[in-house]
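Please read the structure below before turning to the comments.
Readers should treat all values here as calculations from the given coordinates under stated rules, not as data from a laboratory. Quick caveat: nothing in here was measured; it's all calculated off a predicted structure. Cβ atoms come from the backbone with ideal geometry, glycine included; neighbour counts cover every protein chain shown.
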Amino acid sequence: MKQHLVIFDTTLRDGEQSPGASMTREEKIRVARQLEKMRVDVIEAGFAAASPGDFDAIHAIAHTIKESTVCSLARANENDIRRAGEAIKPAKSGRVHTFIATSPIHMEKKLRMSPDQVVEQAIRAIGWAREYTDDVEFSAEDAGRSELDFLCRIFEQVIKAGATTINVPDTVGYNIPYQYAETIRQLIERVPNSDRVIWSVHCHNDLGLAVSNSLAAVLAGARQVECTINGLGERAGNASLEEVVMAVRTRSDVFPVETRIDTTQIVPASKLVSQITGYPVQPNKAVVGANAFAHEAGIHQDGVLKHRETYEIMRAEDVGWAQNKLVLGKHSGRNAFKARLQQIGIELESDEALNAAFARFKELADRKHEIFDEDLHALVSDEVVTPEHEHYKLIYSHVCSETGEMPHARVILSVGGVERKGEASGGGPVDATFKAIERIAKSGAELLLYSVNAITTGTDAQGEVTTRLAKAGRIVNGNGADTDIVIASARSYLNALNKLHSSLDRVRAQGDV
């Protein structure tokens with residue numbers, strides 16, 4: 001009988017710490033619902049003490065999710081832990097995840113605490129957390145560069161205090177698989193009460209080894225892996241959920257564990273997170289990349305046609321890939337539209353949101369003959385991604401671009417409910433449009449990224465645009481989709497401006513696991 005491997009998803013916490021990937025409350029709920037549908041064991045919904053917005057999002061997810069444990073991260077101080085405990089109170093199953101740094105460089109340079117003080121603070125933190133839940137996880141930040149003897153000491157003490165999961169994070173992506181596996185193995189062997197907890201790993205991808213380190217740790221005895229959809233995360237990202245899960249499933253001959261993940265929900269989850277955060281998935285990304293199951297070489301094509309397993313170790317349909325199918329058209333009704341949204345995992349919060357999305361669907365169907373599931377994701381996102389009250393809204397756009405002439409754009413925006421006009425010339429139609437918008441907004445934001453992806457195939461495909469803006473140390477991503485790429489670009493830019501204008505600023509708390 002194989003043992004259960006707990007899948008702990010931190011897309012909504014660590015993944016959101018990617019520059020520009022900050023999500024709204026509604027977006028977080030959408031992602032959490034998809035993670036629950038995928039049967040993720042633990043959803044780390046955020047860092048409750050980071051901001052009122054984070055607290056509210058975690059609290060709302062705790063109200064909504066019934067089949068997964070909802071978790072909040074907290075530093076090892078009383079205020080953080082009490083905020084986390086209050087945030088998860090509505091959850092059917094809730095967890096507080098507290099951490100403190102344990103490496104010599106972190107204790108000396110960042111915490112300015114002695115090892116004895118760190119152990120005492122960790123014990124107190126577990127006590128505070130257990131006032132809210134019996135499910136308490138403890139992480140030793142920067143465990144990958146910590147002294148093994150000290151890790152054994154602090155882990156023994158927090159287990160005595162009541163921790164039920166012990167996480168050994170490679171916070172800076174420094175470890176190598178054989179070394180990391182040996183660390184896990186020795187901790188399990190040397191900590192006297194190690195059999196009373198689940199051992200967990202949380203690996204960053206700075207050297208491209210996050211998944212390898214995680215899997216090596218599983219073979220060494222870890223029974224929880226902390227990961228994110230698409231490997232989203234700070235710096236080079238985290239271990240990819242889809243890669244960990246499919247490695248364990250595909251190599252069942254090697255791994256003595258199994259997950260409860262519904263793998264057919266992996267690709268829908270990947271697309272949802274990519275679309276909401278504005279982080280596109282590279283075509284050659286394992287499992288969820290567009291080319292993951294594509295074969296161009298003649299020898300490969302011949303082999304796959306004769307017998308799929310000659311060049312495919314997984315079935316595309318097992319992770320949620322399917323042929324694009326026409327699901328709706330301009331004659332489809334509201335009920336059919338709503339039913340299809342539910343089938344692909346989209347649930348809108350109100351009838352007003354459904355009506356607005358349906359109106360956009362009808363508008364799109366008049367311009368685009370074939371409507372695919374990807375179109376529906378982008379269409380509904382236009383209703384959900386923007387802040388609840390749009391400060392900037394596109395009313396009208398006229399762009400002129402002709403051979404030998406400089407492109408010129410004229411736009412009308414609603415700014416706080418007041419219509420404003422602006423026009424400008426630029427190096428191209430998109431450049432002119434952005435400059436015209438800035439003539440009105442005068443945001444002073446710096447454009448860091450402009451990216452265009454076709455949502456489906458064909459010349460009438462919707463273009464999905466990601467725009468990344470920076471201002472006063474804050475970085476946001478804006479998204480927009482339309483069959484007209486200039487309109488999609490304008491919507492994306494305005495979406496980013498709205499996020500900058502939003503009062504829901506996330507204040508990063510010190511430290512990370």
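A helix-only calculation puts the chain at -11500 deg cm²/dmol for mean residue ellipticity at 222 nm, using -39500 (n - 2.57) for each DSSP H run of at least four residues, averaged over all residues. When you restrict to C-alpha pairs under 8 Å that are six or more residues apart and normalise by the size of the chain, the relative contact order lands at 12 percent. For segment 48-120, trypsin sites (Lys or Arg not before Pro) meeting the loop criterion (DSSP other than H, G, I, E, B) and having at most 11 other Cβ atoms within 10 Å: Lys66, Arg112. A simple packing score, the average count of other Cβ atoms within 10 Å per residue, orders the peptides 30-37, 118-125 as 30-37, 118-125, with the highest score first. Here r is the Cβ-Cβ distance between Met1 and Asp116 and R0 is 41 Å; the resulting FRET efficiency, rounded to 0.05, is 0.45.
Between Asn79 and Asp195, the FRET efficiency from the beta-carbon distance, with R0 = 25 Å, is close to 0.15.
Sparsely packed loop sites in segment 43-89 (the GluC sites (Glu not before Pro) outside DSSP H, G, I, E and B with at most 10 other Cβ atoms within 10 Å) do not occur.
Between Glu363 and Arg315, residue separation times 0.36 nm minus the direct Cα-Cα distance comes to 13.7 nm.
A cut-off of 5 Å between modelled amide H atoms, ignoring neighbours fewer than 5 places along the same chain, links Ala454 with Glu464. Of the peptides 405-412, 12-19, the order by per-residue mean of other Cβ atoms within 10 Å, starting with the highest, comes out as 12-19, 405-412. Taking the Cα centre of the chain as reference, the dipole from Cβ charges on Lys and Arg (+1) and Asp and Glu (-1) amounts to some 560 debye. Were the residues from Glu131 through Arg153 laid out at 0.36 nm apart, the gain over their Cα-Cα distance would be 5.6 nm. In this structure, Glu108 and Glu349 have a Cβ-Cβ separation that, at R0 = 60 Å, corresponds to a calculated FRET efficiency of about 0.80.
With the simple model of a label 7 Å out from the Cα in the direction of the Cβ, Lys330 to Asn291 spans 3.7 nm. With the simple model of a label 7 Å out from the Cα in the direction of the Cβ, Arg185 to Lys66 spans 4.5 nm.
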